[in-house]
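Worksheet: the structure to be examined is printed underneath.
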Amino acid sequence: MNPVTEVKTNPNPAVIDKTTVRKLVPSASPSFSFPIGYYDLHPDISINFQLNRFYGWVGDDSMLTEMREGLTGVNDYPTFTKIVLDFGEKALARNEVRKGAYYLRLAEFFLPFSDPRTLPTRQRFVDLLLDHLEIAPSAYSRIPFETGWLPAYRLTPKKPKGTLVVFGGFDSYIEEWMPAALFFRDAGYDTILFEGPGQGAALELAHLTMSPEWEKPVKAVLDFFRLDAVTLMGFSLGGGLVIRAAAFEPRVRRVIAYDIMTNGLECVLRPLPPPAQKELLDWIDTGNEGAVDKFFADAMAKSLLLDWMMKLGMHNTGTRTTYAMLKHYQKYETASISSRLTQDILLMAGAKDHYVPVHQLPDQIATLTHVRSLTARLFTRAEQAQNHCQTGNMGLAFRTMIDWMTGLGPIEKLTDE
């Protein structure tokens, strides 16, 4: 069967003013209303993205003012984390729990892994947010996996329309995504969130490092909850991992790549100029470990983004050198397995994603040659959703997923194929 490809986009992306932003309707549930707007809060593109990312889970405009005024001129992580931790403590003292919790997460995001504050700050974020959102302890499970365990949460409405299983990517904690999980639960979906190897508590507490063989943690989760027909969604790096898992796990009947990621190594190298990328790829292919490590020792000293990305990459893979880490992420590609997928697929991408090149969207479409149906959605600046994982209008992304799942009808219909 030939795939049905539906590509939706606004052909005229444009910078929009505040008047236009106000006309866009925030997505809301009884739990939370997702804000609309992507803001210039810091001159560094990566730090600016993270500030917008964590504001997106809070929606308190005072946070924009605090971050813009307090962080614009800060260009080192120790000063940055000191200021943000102070923001968090002051917010908590004012009983602004959601804002305080996400400030703690933002600070912890940039703390060194060896810093004694890192794990306690992580735990405070988790405890504060779960308590604030009234997530019952019974929603949490630890799923045995290899030498450790996978953390998972299950939020179930009274009459589920279907089951949605969600995981993250390169740097996420699944608890960070809890407001979105409540949004999907309130829309009628039995929503399961989990962290796999190299992510969140599976990495920091269960000491499981990243693996491209994502069908294995997905199998463990589906087995644990006794699920036989699910929609599987991965975000960020998970947009590539979800393709991998669906290629080998038949109980995955529908797939959401939020956003696409066909080539993880390309994304890791993207902050570099094209000539440097080419040279590094040559060194990686020929095994020139010394040249790769020397290059990044110099480059990381000059770039906050590279410094953060390389150190986190080594941490979540358990590798000791930049060369070993890059060789590991060379395995994160979807071209070799995409033809195996036979499910309904939703691909999402941001037109101005600074992590994932937009050409990876048509690249992924081209290799899904045997799927049941294929829908692709490119989000634009005019929607304030042009960034990675639609930071700036995440509510639009979530509505898109729900509309897609609703349009396909009950997932049980696929069992008779």
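Please give me the summed charge of the neighbours of THR118: other residues whose Cβ is under 12 Å from its Cβ, Lys and Arg +1, Asp and Glu -1.
After counting each charged neighbour, the total is +1.
Per residue, how large is the accessible surface of segment 43-112? Use a 1.4 angstrom probe and give square angstrom. The partial results should precede the final answer.
On the way: 2570 Å² over 70 residues.
I get 37 Å² per residue for this part.
Using a 1.4 angstrom probe, figure out how much accessible area segment 165-227 has per residue, in square angstrom, rounded to the nearest whole. Don't skip to the answer; put the middle values down first.
On the way: 1520 Å² over 63 residues.
With all protein chains present, segment 165-227 gives 24 Å² per residue.
To the nearest 10 square angstrom, what accessible area does ILE45 show with a 1.4 Å probe?
Surface accessible to solvent at ILE45 totals approximately 100 Å².
Applying 1/(1 + (r/R0)^6) with R0 = 22 Å to the Cβ-Cβ distance of HIS370 and ARG251, what FRET efficiency is obtained, to the nearest 0.05?
Once rounded, the FRET efficiency stands at 0.80.
Hey, for a label at TYR140 modelled as a point 7 Å past Cα toward Cβ, could you say which residues of segment 80-108 have their backbone N under 18 Å away?
What the label zone holds, given the 18 Å backbone N cut-off, is 98, 101-102, 104-105.
Just name one of VAL358, VAL74, LEU408: the one whose Cα is farthest towards the positive end of the charge dipole of the chain (beta-carbon charges, Lys/Arg +1, Asp/Glu -1).
Of the listed residues, the answer is LEU408.
All other residues with a Cβ under 15 Å from the Cβ of PRO151 taken together, and with Lys, Arg as +1 and Asp, Glu as -1, what is their net charge?
Within the 15 Å Cβ shell, the charges total -3.
Expected output is a single nm value to one decimal: the length gained when fully extending between ASN288 and ALA335, i.e. 0.36 nm times separation in residues minus the C-alpha distance. What is it?
14.4 nm
So, R0 is 25 Å and r is the distance between the beta-carbons of PHE113 and ALA297; what FRET efficiency does that work out to, to 0.05?
0.85
Ignoring ligands, DNA and RNA, please state the percent of accessible area on segment 164-321 from carbon and sulfur, probe 1.4 Å.
So the carbon and sulfur contribution to the accessible surface is 53 percent.
Heads up, I need the accessible area for TRP283: 1.4 angstrom probe, whole protein in place, Å², nearest 10.
Surface open to solvent at TRP283 totals about 60 Å².
State to the nearest 20 debye the size of the charge dipole of the chain about its Cα centre, where the only charges are +1 on K and R beta carbons and -1 on D and E beta carbons.
It comes to approximately 720 debye.
Per residue, how big is the convex hull around the C-alpha atoms of segment 208-363? Give it to me in cubic angstrom, could you?
114 Å³
Between ASP307 and THR79, what length comes free when the chain is fully extended (0.36 nm per residue of separation minus the Cα-Cα distance, one decimal in nm)? Walk me through the numbers on the way to the answer.
On the way: separation 228, 0.36 × 228 = 82.08 nm, distance 1.55 nm.
Additional length available on full extension: 80.5 nm.
So which of LYS278/LYS327; LYS90/LYS302; LYS90/LYS311 end up more than 23 Å apart, counting from Cα to Cα?
Where the Cα-Cα span goes over 23 Å, the pairs concerned are LYS90/LYS302; LYS90/LYS311.
Output the antiparallel fraction of DSSP beta bridges having both residues in the chain, as a percent to the nearest 5.
DSSP beta bridges in the chain are roughly 30 percent antiparallel.
Pick out, from VAL165, HIS207, ALA187, the residue whose Cα sits farthest towards the positive end of the charge dipole of segment 155-209, with +1 on the Cβ of Lys and Arg and -1 on the Cβ of Asp and Glu.
ALA187
Rounded to the nearest 20 Debye, what is the dipole magnitude of segment 32-168 about its Cα centre when Lys and Arg each give +1 and Asp and Glu each give -1 at the C-beta?
Working: 16 positive and 16 negative charges, 144 e Å.
Dipole size: approximately 680 debye.
For every helix of n ≥ 4 consecutive DSSP H residues, a contribution of -39,500 (n - 2.57) applies; sum these over the chain, divide by its total residues, and give [θ] at 222 nm rounded to the nearest 500 deg cm²/dmol.
That comes out to -13500 deg cm²/dmol.
Could you please report the charge total around ASP186, scoring K, R as +1 and D, E as -1 over all other residues with beta-carbon less than 14 angstrom from its beta-carbon? Don't jump to the answer; show the numbers that get you there.
Details: positive: LYS158, LYS159, LYS161, ARG185, ARG399; negative: GLU134, ASP190.
Net charge around ASP186: +3.
Starting from the Cα-Cα distance between ASP403 and LEU281, subtract it from 0.36 nm times their residue separation and give me the gain in nm to one decimal. List each step's numbers first, then the result.
On the way: separation 122, 0.36 × 122 = 43.92 nm, distance 4.02 nm.
Gain on stretching ASP403 to LEU281: 39.9 nm.
Enter the accessible area per residue of segment 280-417 (Å², integer; probe 1.4 Å; all protein chains in place).
With all protein chains present, segment 280-417 gives 40 Å² per residue.
With just the Cα atoms defining each centre, how far is segment 382-411 from segment 89-138? Give it in Å.
27 Å
Under 5 Å between amide hydrogens, which residues at least 5 positions from ASP259 or on another chain qualify, with H placed 1.01 Å from N in the peptide plane?
It is SER236, GLY239, CYS389, by chain and number.
The values are calculated or read from the model by the stated rules, or taken from the named source; none is laboratory data. Model, not experiment: these values are computed from the prediction. Note: ideal-geometry Cβ built from the backbone for every residue, glycine included; neighbour counts use all protein chains shown. In case anyone asks, the SASA skips ligands and DNA or RNA and just uses the protein heavy atoms, side chains included. Shrake-Rupley method; radii C 1.70, N 1.55, O 1.52, S 1.80 Å.
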